[in-house]
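*Asks:* Okay, handing you the structure first.
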Amino acid sequence: MTPSNSIVVARPAAPAMLVLLFHGVGASAADLVPLARLLAAARPRAMVVSVEAPFPSGFGSGRQWFSVQGVTEANRPERIAQAMPAFIAAVSDWQKEAGADPGATTLVGFSQGAIMSLESTQVEAAPARRVVSIAGRFATPVRRAAPGVRFHLIHGDQDGVVPAAHSSQAAVQLRELGAQVTIDLLPGLGHGIDARAAQLVLDYVGAAQG
């Protein structure tokens, strides 16, 4: 499953790594192209793709992995679980195109895209070894620290959609489970990506192998 509206920003002849970007609910692959272009410039040997979510958004425009209409703390985990096979399949399909294994794969997600990226590490075989979460959260307290996965949590401290406390709590839980994790809380940033957040993403992806 590689939706036709996903945008391949960079495709080197022999990619050394794969970077997949996942947008928020009600948005589209095009919304993360500016960040994807920065990543492609910083990592010229990387295949960089902004992935389109598969389902129409309940907001009337854009796409989504799962509906947030009527979402609660109680029903969010089940909605994510239902969407996860399609998410894992999308990552796997792009890995096949790039000739990349999980060790050479980085997931960069914003909001719902970050939620799906983080939760993908809770399945039996995590699809990537590096996850950069911007304004994201786990659906429930962290259950496992997938071996070898590095987490980078970036969050605006004024986020009124996904409160930054979710990232702070996740960082504590991940560390308690032995995971490698960094967290950056950005003063004054709401639910979005500013120049500071973009630079942090570049720094973390730039530190990846390949």
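The values are calculated or read from the model by the stated rules, or taken from the named source; none is laboratory data. Treat the numbers as computed from the prediction; the structure is a model and nothing was measured. Here the Cβ is made from the backbone with ideal geometry for all residues, glycine too, and neighbour counts use every protein chain on show.
*Asks:* Checking Leu174 against (1) among the aliphatic types (A, V, I, L, M); (2) in a loop (DSSP other than H, G, I, E, B); (3) modelled with pLDDT of 95 or more, only one condition comes out false. Which one?
*Replies:* Result: Leu174 passes all but (2).
*Asks:* Cβ-Cβ under 9 Å, sequence separation 6+ or interchain: first residue in the stretch 7-26 and farther than 15 Å from Leu107 by Cα and in contact (Cβ under 8 Å) with a residue 60 or more places away in the chain, partner among the aromatic types (Phe, Trp, Tyr) and part of a loop (DSSP other than H, G, I, E, B). Which pairs?
*Replies:* Listed by first residue and then by second, the contacts come to Val25/Phe59; Val25/Trp65; Val25/Phe66.
*Asks:* While we're here: Kindly state which strands (runs of 3 or more DSSP E) lie completely within the stretch 6-99 and contain at least 1 residues that are out of contact with any strand residue (DSSP E or B) (no Cβ under 8 Å at 6 or more places or on another chain) and farther than 18 Å from Pro127 by Cβ.
*Replies:* Values: elements: 7-10, 17-22, 46-51.
Qualifying strands (runs of 3 or more DSSP E): none found.
*Asks:* Kindly indicate which of Val131, Val149 is surrounded by 24 or more Cβ atoms within 10 Å (Cβ to Cβ), among the hydrophobic types (A, V, I, L, M, F, W, C) and within 22 Å of Ala16 (Cα to Cα).
*Replies:* Val131
Yes/no matrix, rows are residues, columns are (1) at pLDDT 95 or above; (2) farther than 29 Å from Ala74 by Cβ; (3) outside any helix (DSSP H, G or I); (4) of a type in the set (Asp, Glu):
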site: Gly136; (1), (2), (3), (4): yes, no, yes, no
site: Thr140; (1), (2), (3), (4): no, no, yes, no
site: Leu153; (1), (2), (3), (4): yes, no, yes, no
site: Gln158; (1), (2), (3), (4): yes, no, yes, no
site: Val161; (1), (2), (3), (4): yes, no, yes, no
site: His166; (1), (2), (3), (4): yes, no, no, no
site: Gly188; (1), (2), (3), (4): yes, yes, yes, no
site: His191; (1), (2), (3), (4): yes, no, yes, no
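*Asks:* Just name the residue that is surrounded by the most Cβ atoms within 10 Å (Cβ to Cβ) out of those in the stretch 172-184 that are in contact with a helix residue (DSSP H, G or I) (Cβ under 7 Å, 6 or more places away or on another chain) and hydrophobic (A, V, I, L, M, F, W, C).
*Replies:* Val181
*Asks:* For the stretch 137-154, give me each residue that is touching a strand residue (DSSP E or B) at 6+ places or on another chain (Cβ under 8 Å) and closer than 13 Å to Gln173 by Cα.
*Replies:* Phe151, Leu153, listed by residue number.
*Asks:* Now a separate question. Within the stretch 71-86, can you find the residues that are out of contact with any Pro (no Cβ under 6 Å at 6 or more places or on another chain) and touching a residue at least 60 places away in the same chain (Cβ under 8 Å)? Step through it out loud before you land on a result.
*Replies:* First pass over the stretch 71-86, keeping only residues out of contact with any Pro (no Cβ under 6 Å at 6 or more places or on another chain): 71-85.
Arg76, Pro77, listed by residue number.
*Asks:* Would you check if Ile154 is at negative phi, in contact with a helix residue (DSSP H, G or I) (Cβ under 6 Å, 6 or more places away or on another chain), hydrophobic (A, V, I, L, M, F, W, C) and touching a residue at least 60 places away in the same chain (Cβ under 8 Å)?
*Replies:* Details: at negative phi: yes; in contact with a helix residue (DSSP H, G or I) (Cβ under 6 Å, 6 or more places away or on another chain): yes; hydrophobic (A, V, I, L, M, F, W, C): yes; touching a residue at least 60 places away in the same chain (Cβ under 8 Å): no.
In short, no.
*Asks:* Which residues, taken from the stretch 80-96, are touching a Ser or Thr at 6+ places or on another chain (Cβ under 7 Å) and surrounded by fewer than 17 Cβ atoms within 10 Å (Cβ to Cβ)?
*Replies:* Matches in the stretch 80-96: Asp93 only.
*Asks:* Got a sec? Which of Ala104, Ala29, Ala100 is buried (at least 21 other Cβ atoms within 10 Å of the Cβ) and over 17 Å from Arg130 (Cα atoms)?
*Replies:* None of the other options fit; the residue is Ala29.
*Asks:* Filter the stretch 39-79 for residues that are buried (at least 17 other Cβ atoms within 10 Å of the Cβ) and among the aromatic types (Phe, Trp, Tyr); which is nearest to the chain's Cα centre (by Cα)?
*Replies:* Step by step, filter the stretch 39-79, then rank; the result is Trp65.
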